[in-house]
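Have a look at the structure below, then the notes.
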Amino acid sequence: MTSIVLCGGLVCDPEAGSLALADVVVSDGRIAAVLDPAGGARPGSAPPEAPASAGAPARVVDVSGLVVTPGLVDLHTHVFVGQDLGVDPDLVGPPSGVTTMIDTGSAGAHLFGAFLRGTVEVARTRIAAFINISSVGTTSIRLCGELKTLDYVDPDSCRAAIEAYRDRIVGIKVRASADVAGGNASAAVDRARRVADETGLPLMVHLGPSPAALPEILDRLGPGDVLTHCFTGLSGRPLTERGRPVDVVARARQRGVIFDVGHGMSGFDLDQARAAVAAGFLPDTISSDLHAYSRDIVKDLPHVMAKFLALGVSLPDVVSRTTIAPARVVGLDRMGVGTLRVGAPADLAVLRVTGAGGPAGFAPPDGTPPTDAAVTVALTVRQGEIVHSDIDHLVAT
Ligand SMILES: [Zn+2]
């Protein structure tokens, strides 16, 4: 397999929390080394004398002025191709630097096999999934929700699917809001809670119009569980008030509940996000909730990243929340996903970060929050292969 050397980029390592000039060497589909500009290996990286496989010609890509990160990990997507919400992961992933997509509840127990065979097993993009507690999965957005009748919410079917597809299912999803569940939201969360406890998987609950209300949901979430659409304006209950997180939110964060953005069509209220950032309450993970109906609004994960840069969140903080942090939520960090570890799968994104938040403006000297940040993708590498590039003319060899 061809080796690739990304030369001269500003490398953002989310595990080290570092942002520094370095070269990233890829060989045999894995990260072979991260070298400082003098050619030395960083601590923990491979020795410089053996970065690439012997004899393989290297493609050298000049990425100076660009930001190199692990391939982006999107914790909230809908990629069940052919399902109402589904977008094709191989069409939307590479141009947006996203190499790992977590589908959140598109399929329930009855359709998970179809999702697996039709999308997950054939996609080039890495896909893992939260299974919907409703056996029918997420229903068409134009129809009534999948929790409107509890007859579909069968814990036994969900448990059986988890046992059958354990290597792909990383959690359980429940859309616990009045628009999806009518008056059944709390009962559905309780059933999902039970399956999560029995299987040891995290629970992801979406926040929307109550019931269920924010305190009722958070009371049912423990360490590693996820509240998505955390900045939605639909719940009527912001996470922060008067410059600090409300008590139930502060307690949930303290015990390790994950607060996820899940932008989507109506999952993100900029004023709530601004107030939270000003209160020092950053989301744990930044995700898109990309689907067929949200695509024109969300555009892609880099656009959501740019919104947080524009709110004054630092580039390393934004990158960690779109790489290592979501990988940890679903346990994929254990195989190196979301990292720049030597030996990790060579999934990489090369970002063009412009405006404030870009290489010249990581920390605005006057403290003014930047407002013109933009993040676009110059190059995407998936398992050592370039799957998207708009900088082909810079490839030297
Ligand atoms: Zn969603």
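Hey, among G236, G243, which residue is exposed (fewer than 15 other Cβ atoms within 10 Å of the Cβ), at pLDDT below 95 and assigned by TED's automatic domain parsing to the domain that holds A276?
Exactly one residue qualifies, and that residue is G236.
Which residue is farthest from the chain's Cα centre (by Cα), if the candidates are limited to region 77-105 and must be farther than 19 Å from D296 by Cβ and surrounded by 24 or more Cβ atoms within 10 Å (Cβ to Cβ)?
Among those residues, the one meeting the criterion is F80.
For region 8-22, what are the residues that are in a strand (DSSP E or B) and surrounded by fewer than 21 Cβ atoms within 10 Å (Cβ to Cβ)?
G8, S18, L19, A20, L21
Consider K148 against the criteria (1) touching a helix residue (DSSP H, G or I) at 6+ places or on another chain (Cβ under 9 Å); (2) part of a helix (DSSP H, G or I): it satisfies all of them except one. Which criterion is unmet?
So K148 meets the others, but not (2).
So if I check each of R117, R124, which one is outside any strand (DSSP E or B), in the same structural domain as P283 (by TED's automatic domain parsing) and over 30 Å from P316 (Cβ atoms)?
When all the criteria are applied, what remains is R117.
Within the group R166, R159, which residue is of a type in the set (D, E, K, R) and touching a residue at least 24 places away in the same chain (Cβ under 8 Å)?
Of the residues listed, the single one that is of a type in the set (D, E, K, R) and touching a residue at least 24 places away in the same chain (Cβ under 8 Å) is R159.
Check region 284-302 and report whether any residue there is out of contact with any helix residue (DSSP H, G or I) (no Cβ under 7 Å at 6 or more places or on another chain), assigned to a loop (DSSP other than H, G, I, E, B), away from the ligand (no atom under 15 Å from the Cβ) and in contact (Cβ under 8 Å) with a residue 40 or more places away in the chain.
No, there is no match, as no residue in region 284-302 is out of contact with any helix residue (DSSP H, G or I) (no Cβ under 7 Å at 6 or more places or on another chain), assigned to a loop (DSSP other than H, G, I, E, B), away from the ligand (no atom under 15 Å from the Cβ) and in contact (Cβ under 8 Å) with a residue 40 or more places away in the chain.
Here's the yes/no breakdown for (1) over 21 Å from the mean Cα position of the chain (by Cα); (2) more than 16 Å from the ligand (Cβ to nearest atom):
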{"residue": "C144", "(1), (2)": "yes, yes"}
{"residue": "Y152", "(1), (2)": "yes, yes"}
{"residue": "S157", "(1), (2)": "yes, yes"}
{"residue": "A160", "(1), (2)": "yes, yes"}
{"residue": "R166", "(1), (2)": "no, yes"}
{"residue": "G171", "(1), (2)": "no, no"}
{"residue": "D190", "(1), (2)": "yes, yes"}
{"residue": "R193", "(1), (2)": "yes, yes"}
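Restricting region 309-318 to residues that are more than 14 Å from the chain's Cα centre (by Cα) and surrounded by 24 or more Cβ atoms within 10 Å (Cβ to Cβ), which is nearest to the ligand (Cβ to nearest atom)?
So, considering only residues that are more than 14 Å from the chain's Cα centre (by Cα) and surrounded by 24 or more Cβ atoms within 10 Å (Cβ to Cβ), the one nearest to the ligand (Cβ to nearest atom) is L309.
Please pick out the residue among R251, R255, R321, R334 that is more than 15 Å from the ligand (Cβ to nearest atom) and crowded, with 21+ Cβ neighbours inside 10 Å.
R321
Residue pairs, Cβ under 6 Å, 6 or more apart or interchain, first in region 92-111 and over 20 Å from T228 (Cα atoms), second within 16 Å of the ligand (Cβ to nearest atom) and acidic (D, E). List them.
S96/D300
Looking only at region 127-142, filter to residues that are touching a residue at least 40 places away in the same chain (Cβ under 8 Å) and assigned to a loop (DSSP other than H, G, I, E, B); which one of those is nearest to the ligand (Cβ to nearest atom)?
Selected residue: T138.
Given A114, A123, A164, which one is among the hydrophobic types (A, V, I, L, M, F, W, C) and under 19 Å from L203 (Cα atoms)?
Going through A114, A123, A164 in turn, the sole match is A164.
The values are calculated or read from the model by the stated rules, or taken from the named source; none is laboratory data. Since this is a predicted model, take the numbers as computed values, not measurements. Ideal geometry is used to build each Cβ from the backbone, glycine not excepted, and the neighbour counts take in all protein chains shown.
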